[in-house]
Structures are given as C-alpha cells and as structure tokens.
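Engineer: Please see the structure below; I have some questions.
The values are calculated or read from the model by the stated rules, or taken from the named source; none is laboratory data. No experiment lies behind these values; they were computed from the predicted model shown. As a convention, Cβ positions derive from the backbone with ideal geometry for all residues, glycine included, and neighbour counts pool all protein chains shown.
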C-alpha cells in the first residue's frame with residue numbers, strides 16, 4: 001500500500017471520477033489577458049494534469065464586464081472567447097483521466113472597475129471604486145450571466161465550473177449583513193440573503209444538465225464583522241447541496257479580513273477543523289483548503305475523514321508533479337510551497353504574471369525549458385545559497401559536470417537564517433528539496449571549503465558561477481563600533497546575546513525579520529495552531545458572526561524599536577499581500593516604528609536620532625544594524641584576469657535587498673542557457 005494511499009484514491013462523483021483526492025485550487029495567472037497567454041496556460045495546466053492532479057480549477061473568469069476583477073480582465077460571454085478556452089481544455093484532456101473546471105468569479109465590490117456592483121453601495125476598504133447597488137432587474141441579469149458563463153464553459157470543453165461564493169466576492173457580499181443592507185427579497189433575513197447563491201446554483205444545474213461538475217465555494221469562516229454564524233454556514237451548505245452542487249469547496253476569510261489565512265506564518269492545515277465539522281453535515285463531497293503543502297498533511301486529512309478532497313493551489317505552482325511524486329514514494333523530491341506569496345499573489349495583485357519563488361518554471365513552461373546539453377562543460381558554482389543551489393542543480397540536470405563549493409558546513413546560505421525567523425520555518429523545506437536535488441542530479445558538493453581563485457583556475461573549469469552572497473553594510477556613523485552594536489548576522493547566525501531593549505536600524509525585510517525574531521519567545525504562532533488562533537482572534541467553532549474573538553497576544557520577549565531614514569511608511573517595501581501581516585504582528589508585540597529619522601551617533605546612552613527637528617535618545621541595550629548589504633565578489637577580479645568565464649548570480653550580483661525570488665530565477669535561467 002502506498003504511503004499516501006488515501007490521497008491517491010479516486011473519488012467517484014457518480015457521472016465521472018476524479019483520479020486522486022487532490023484538487024488544484026483556482027489561481028489567476030495573469031496570462032489570461034496577455035498575447036499568447038492561452039497557449040502558455042494550456043501547457044501550464046497540462047503539466048499539472050500530467051502530474052496527477054484529480055481536478056484542476058482554472059483562474060477566476062468573469063461572467064460579465066461588471067464582475068471582472070479589473071477592466072480588460074478575462075471574461076467568458078461569447079463564442080469567440082470559447083475558442084480560447086478550448087486551447088486549455090484540449091491540452092488538459094490529452095492526459096488520460098484529467099479533469100478541469102473553470103471558476104466563475106464575480107468580484108462584486110472587489111472589482112478594480114468603475115462598473116462594480118454589489119448587494120448594497122458599501123465600498124470595500126481595499127478598493128477605490130464604490131459599487132452600485134443592484135435593483136431587482138440587475139440581480140436577475142447577474143444570475144443569468146452566471147448561467148450563460150457556465151453554458152459557455154461547458155461548450156468550451158470544461159468538465160465543470162466552480163461558482164465562487166466565498167472570500168468576500170459578489171455572492172458572499174449578498175450573504176452577510178456586513179455588506180448586504182437591503183430590505184427587499186434579496187436582503188434582511190438570512191433566507192433572503194442566501195437567495196442569490198441558491199438561484200445561481202439551481203439555475204446553473206438546470207441549464208448544464210446532470211453530468212457536469214458544479215463546485216460551490218462556500219465561505220465557512222468569513223473573519224469579518226457581521227459575517228455568517230456557524231449555523232448559517234451549515235444551513236447554506238445543505239441548501240446548496242439541494243440546489244444541485246456536485247461538491248462544496250472551502251473558503252476561509254475575506255480579502256479584507258485582518259487575519260492571515262495563507263501566508264507562511266499560518267500553521268499548516270490551520271483551518272481544517274472547520275471543514276471536518278462541515279463534513280458531518282453534508283452528503284456530497286467536501287473539499288478543504290489553506291496552507292496544505294505536503295502529501296503527509298494532505299493524506300492525513302483524507303484518512304481521518306476531515307474532508308473528501310484537498311485543494312492545493314500554490315503547491316501546484318511549486319511542483320506540478322506533486323501527486324505523481326507522492327504516488328511513486330518520492331515525497332522527498334517534492335519542491336514544497338513555502339507560502340511566501342512573492343511570485344504568485346504579489347504578482348497577481350500588482351497586475352503581473354504569476355510564477356513561483358521556488359519554481360521559476362511555473363507559468364513559463366513554454367519559455368524556460370531545460371534542454372540536454374550538446375557540449376558538456378565543467379562548471380564551478382561558489383556559494384550554496386538559493387542562487388547557487390538553483391544554478392548547480394539546473395546545470396547538472398541538463399548534463400553538465402558541476403561542483404558546488406561553500407565555506408559553511410551546510411547548504412542553504414541566507415535561507416538558514418530566514419528559517420529561524422518566526423513565521424518563516426517553511427524555508428527549511430526549500431533547503432531540504434535542494435539537498436535532495438544535489439544528490440539526484442549528481443552535483444559534487446564540497447562543504448567546509450573556502451575555495452580560492454587559484455584553486456578554481458588550476459582545476460580547469462569552463463564556467464564559474466559566483467553565488468558568494470553579501471556582506472552586511474555598516475553605516476558611517478559615530479559610535480558604530482560601540483560594543484552594543486551588532487549586525488543582523490551577529491544575531492541570527494552567530495547567536496550573540498541581545499539585551500531586553502533594542503533599536504533596529506533599518507526597516508526593510510531584514511529589519512522586520514530581526515524584530516520578529518527578537519520579540520517572540522520559544523513558542524511561535526506559526527508552529528502552535530492554538531496560539532496562532534488566539535493571537536489573531538479566530539474562533540474555529542464560529543460561535544459568533546464571522547468567527548472573530550478578541551485577540552490574546554503574549555507579551556513580547558523584548559522592547560524593540562524599528563527605525564528608518566525613509567519618509568515612507570515603515571514596512572512599505574514589504575510584500576504586497578504579506579506586508580500588512582508583518583506590520584500587524586509587530587504592532588501586536590508593541591514594537592515602536594519610527595520613520596524620517598536621522599541617525600546622529602551611538603554611545604553608552606543608546607542610539608541618538610533627530611526626528612522632526614528634535615534630538616532624541618533611544619535608551620537601549622543593543623543597536624542592531626540592518627542598513628543594507630554589499631555584494632561579495634572577492635574572487636571575481638582574479639578569475640576574470642585569468643581568462644575564466646565568470647557569472648555573478650544572486651546577492652553577489654545585486655545585493656540592494658536580499659531577494660530569493662530574483663536570485664533563484666536568475667540562477668535557473670543562466671543554468672538553463674549555459
């Protein structure tokens with residue numbers, strides 16, 4: 001029996017069968033609106049089909065212009081658009097047993113669109129356009145547009161549709177009092193507020209017939225004020241089942257909710273308890289979701305009867321062959337999603353194309369291609385951080401002879417520092433993955449080896465890739481050599497003692513990481529699920545509307561002040577979808593954040609700054625410098641002078657802000673072309 005037998009078991013839907021219990025959750029790629037994007041998407045989805053996914057759900061497609069997320073976004077309203085979707089469905093169906101459903105996504109007041117409509121004219125706090133309140137005729141049009149969109153999806157060759165009824169989108173906006181202020185037959189009582197959801201599902205089923213999958217995405221935990229209660233969620237689930245849904249998928253949290261639901265700091269399978277309770281109430285298959293990223297976790301969920309199927313979106317970006325690797329007993333070869341959002345959601349919400357920090361091939365399957373080498377080269381890679389690991393394993397996989405050097409006793413570079421930061425423990429998985437790839441691709445690994453230029457020159461390498469990283473930068477400041485001054489490597493790598501009162505100079509990503517590390521005790525919210533829920537004020541029993549309770553935050557281990565020179569908001573340069581989480585976490589720990597500061601000096605009294613023309617002294621035990629870094633390129637000059645072909649990658653190339661996404665992508669692209 002397979003180690004993951006429950007996850008790999010087919011799921012009988014009556015008229016069709018999902019070949020595994022893995023659903024690839026919906027994620028907009030940004031390719032839908034780009035020239036040649038449908039062809040790129042076709043290959044992207046096909047690889048996930050080859051990888052063994054039971055059901056693929058496409059990115060959200062609007063049922064009309066007012067419902068699409070952004071003006072010019074992908075909609076399905078006519079036969080001309082059907083032809084584009086057929087490119088995708090045909091590619092997926094070339095893989096035997098593969099199923100693909102199209103998500104119908106009406107964003108309602110979340111539309112970055114002047115045509116936005118909703119239940120009531122209640123503006124979203126995260127979008128600039130106030131929605132127009134629909135009248136009865138307008139509601140009828142929206143319902144019919146859902147039905148028409150589903151019929152066109154059926155014509156396009158999809159095996160079904162997912163009707164998006166959660167995450168605070170259009171249908172969800174009708175369901176809760178938070179956004180539905182109506183007093184007519186579409187508002188007021190709960191029965192009235194769920195009428196839209198029921199009508200859309202019922203009429204869609206009537207239109208498409210029985211042998212077509214309808215997944216309804218049900219919001220089981222809104223995490224906003226005046227959201228649904230548990231009894232209401234259960235009632236709606238049962239009603240949706242009666243209306244003809246094939247399956248129910250789980251939605252957790254609205255986009256405007258101030259609780260993390262999918263970021264790295266969220267514990268694995270954090271919200272599966274909610275789905276486990278709902279499963280007892282339904283007779284149709286139930287799908288669970290959110291921060292499930294390993295076959296062990298996914299298999300246990302199905303084995304324990306907490307859900308019938310597991311939805312994973314970003315893990316399928318990280319590794320398209322997740323399921324087939326698990327089936328072959330090669331779970332240790334899975335490139336694990338670390339929940340960083342940097343190349344996926346951050347790109348989507350900035351109008352860009354989706355990819356993946358740990359897998360730059362994602363959505364680039366027709367562009368970034370590994371070809372077996374024609375001329376085998378002898379390649380040295382110096383530095384086993386993210387860039388060096390990606391370069392070495394990619395080059396070796398193609399057939400080059402690769403030697404990877406690092407002065408440290410373990411691979412990982414800066415990721416070994418990052419994984420210690422509360423909320424970033426998942427970074428260990430990337431190190432584990434590359435460790436496995438080193439052995440499977442035949443890279444010769446030489447740790448504890450501080451290689452010199454003369455060694456590389458005499459060894460006869462054809463190419464040298466310098467991934468030697470960075471050196472922390474010290475500012476020119478009186479007292480910067482004071483004993484109380486440490487840099488971030490002193491704290492995170494060398495574990496030098498730090499006092500109870502700390503000033504952190506520099507509030508970029510590293511400054512925030514240091515602050516997180518210093519304010520947390522031994523138990524971090526990212527490891528302890530109960531502690532996470534308590535600190536963020538989440539009631540998994542949903543006793544009250546929306547599932548929110550008063551947060552209980554454990555006292556900080558230290559008094560920390562983050563200081564920056566920039567006039568911008570502290571943390572403004574953090575990730576688009578995760579920056580608010582880091583800022584909120586530190587505010588919960590009473591971290592003081594200061595911008596527009598001028599550093600004056602450091603002495604026994606502490607850090608002297610000038611703020612709005614006034615001189616202040618931050619009386620601290622230690623000053624931690626996170627004021628940037630410089631590339632470490634000490635080998636470059638001698639190697640170039642000797643005539644070697646030398647390439648700089650990662651921090652050695654550009655160290656302005658440590659950027660693993662850029663480093664891995666740059667290294668992979670170079671190694672794929674060299």
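Engineer: What single numbered condition from (1) surrounded by fewer than 20 Cβ atoms within 10 Å (Cβ to Cβ); (2) touching a residue at least 60 places away in the same chain (Cβ under 8 Å); (3) farther than 30 Å from residue 39 by Cβ fails to hold for residue 129?
Structural biologist: (2)
Engineer: If you don't mind, another one. Only one of (1) crowded, with 18+ Cβ neighbours inside 10 Å; (2) in the same structural domain as residue 505 (by TED's automatic domain parsing) is not met by residue 613, so which one is it?
Structural biologist: (1)
Engineer: Residue by residue through the range 405-462, note down the ones that are assigned to a loop (DSSP other than H, G, I, E, B), touching a strand residue (DSSP E or B) at 6+ places or on another chain (Cβ under 9 Å) and crowded, with 17+ Cβ neighbours inside 10 Å.
Structural biologist: Hits for the range 405-462 are 406, 411, 443, 451, 461.
Engineer: Return yes when residue 214 is in contact with a strand residue (DSSP E or B) (Cβ under 9 Å, 6 or more places away or on another chain) and under 24 Å from residue 156 (Cα atoms) and no when it is not. Steps first, answer last, please.
Structural biologist: On the way: in contact with a strand residue (DSSP E or B) (Cβ under 9 Å, 6 or more places away or on another chain): yes; under 24 Å from residue 156 (Cα atoms): yes.
For residue 214, the condition - in contact with a strand residue (DSSP E or B) (Cβ under 9 Å, 6 or more places away or on another chain) and under 24 Å from residue 156 (Cα atoms) - is met.
Engineer: Separate question: I'd like to check something: does the range 146-155 contain any residue that is touching a strand residue (DSSP E or B) at 6+ places or on another chain (Cβ under 9 Å) and over 28 Å from residue 84 (Cα atoms)?
Structural biologist: No: zero hits.
Engineer: Counting only residues that are modelled with pLDDT of 95 or more, under 26 Å from residue 49 (Cβ atoms) and over 18 Å from the mean Cα position of the chain (by Cα), give me the helices (runs of 4 or more DSSP H) lying completely in the range 258-345 with at least 1 of them.
Structural biologist: Filter on the range 258-345 gives 272-279, 295-303, 322-327.
Engineer: Within the range 248-257, is there a residue that is part of a helix (DSSP H, G or I) and surrounded by fewer than 23 Cβ atoms within 10 Å (Cβ to Cβ)?
Structural biologist: No, the conditions are met nowhere in the range 248-257.
Engineer: Next up: Mind telling me which of the residues 485, 514 ends up being more than 25 Å from the chain's Cα centre (by Cα), under 30 Å from residue 605 (Cβ atoms) and not assigned by TED's automatic domain parsing to the domain that holds residue 661?
Structural biologist: From the options 485, 514, the qualifying one is 485.
Engineer: If you take the residues in the range 39-72 that are in a strand (DSSP E or B) and at pLDDT 95 or above, which one is surrounded by the fewest Cβ atoms within 10 Å (Cβ to Cβ)?
Structural biologist: 59
Engineer: Between 169, 158, which is in contact with a helix residue (DSSP H, G or I) (Cβ under 6 Å, 6 or more places away or on another chain), at pLDDT 95 or above and more than 26 Å from residue 223 (Cα to Cα)?
Structural biologist: Testing whether each residue is in contact with a helix residue (DSSP H, G or I) (Cβ under 6 Å, 6 or more places away or on another chain), at pLDDT 95 or above and more than 26 Å from residue 223 (Cα to Cα) leaves just 158.
Engineer: Among the numbered conditions (1) in contact with a strand residue (DSSP E or B) (Cβ under 6 Å, 6 or more places away or on another chain); (2) outside any loop (DSSP other than H, G, I, E, B); (3) surrounded by 16 or more Cβ atoms within 10 Å (Cβ to Cβ), tell me where residue 582 comes up short.
Structural biologist: Failing condition for residue 582: (1).
Engineer: Residue 36 is checked against (1) on the phi > 0 side of the Ramachandran plot; (2) crowded, with 20+ Cβ neighbours inside 10 Å and fails just one. What number does that condition carry?
Structural biologist: Going through the list (1) on the phi > 0 side of the Ramachandran plot; (2) crowded, with 20+ Cβ neighbours inside 10 Å, residue 36 breaks only (2).
Engineer: Select, from 207, 197, 307, 298, the only residue that is in contact with a strand residue (DSSP E or B) (Cβ under 8 Å, 6 or more places away or on another chain) and over 24 Å from residue 533 (Cα atoms).
Structural biologist: Values: 207 fails: in contact with a strand residue (DSSP E or B) (Cβ under 8 Å, 6 or more places away or on another chain); 307 fails: over 24 Å from residue 533 (Cα atoms); 298 fails: over 24 Å from residue 533 (Cα atoms).
Checking each option against the conditions leaves just 197.
Engineer: Quick check: anything in the range 534-546 under 30 Å from residue 637 (Cβ atoms) and more than 28 Å from the chain's Cα centre (by Cα)?
Structural biologist: Checked against the condition, which is being under 30 Å from residue 637 (Cβ atoms) and more than 28 Å from the chain's Cα centre (by Cα), the range 534-546 yields no hits at all.
Engineer: Output the number of residues of the range 11-21 satisfying the condition of being closer than 17 Å to residue 328 by Cβ and touching a strand residue (DSSP E or B) at 6+ places or on another chain (Cβ under 6 Å).
Structural biologist: 1
Engineer: Now for a different question. Which of the residues that make up the range 366-387 are under 20 Å from residue 662 (Cβ atoms) and under 23 Å from the mean Cα position of the chain (by Cα)?
Structural biologist: 367, 368, 385, 386, 387 - these are the residues of the range 366-387 that are under 20 Å from residue 662 (Cβ atoms) and under 23 Å from the mean Cα position of the chain (by Cα).
Engineer: Is there a residue being assigned to a strand (DSSP E or B), buried (at least 24 other Cβ atoms within 10 Å of the Cβ), in the same structural domain as residue 81 (by TED's automatic domain parsing) and in contact with a strand residue (DSSP E or B) (Cβ under 8 Å, 6 or more places away or on another chain) anywhere in the range 221-235? Outline the logic, then answer.
Structural biologist: Narrowing the range 221-235 to residues assigned to a strand (DSSP E or B): 221.
Checking which are buried (at least 24 other Cβ atoms within 10 Å of the Cβ) leaves us with 221.
Now restrict to residues that are in the same structural domain as residue 81 (by TED's automatic domain parsing): 221.
If we keep only those that are in contact with a strand residue (DSSP E or B) (Cβ under 8 Å, 6 or more places away or on another chain) as well, we get 221.
Yes, the range 221-235 has at least one match.
Engineer: Could you tell me how many of the residues in the range 647-664 are within 18 Å of the chain's Cα centre (by Cα), touching a residue at least 60 places away in the same chain (Cβ under 8 Å) and surrounded by fewer than 24 Cβ atoms within 10 Å (Cβ to Cβ)?
Structural biologist: 1
Engineer: For residue 600, state whether it is buried (at least 19 other Cβ atoms within 10 Å of the Cβ), touching a residue at least 12 places away in the same chain (Cβ under 8 Å), farther than 24 Å from residue 341 by Cα and in contact with a strand residue (DSSP E or B) (Cβ under 8 Å, 6 or more places away or on another chain). First the steps, then the outcome.
Structural biologist: Details: buried (at least 19 other Cβ atoms within 10 Å of the Cβ): no; touching a residue at least 12 places away in the same chain (Cβ under 8 Å): yes; farther than 24 Å from residue 341 by Cα: yes; in contact with a strand residue (DSSP E or B) (Cβ under 8 Å, 6 or more places away or on another chain): yes.
Considered against the rule, which asks whether it is buried (at least 19 other Cβ atoms within 10 Å of the Cβ), touching a residue at least 12 places away in the same chain (Cβ under 8 Å), farther than 24 Å from residue 341 by Cα and in contact with a strand residue (DSSP E or B) (Cβ under 8 Å, 6 or more places away or on another chain), residue 600 comes out as no.
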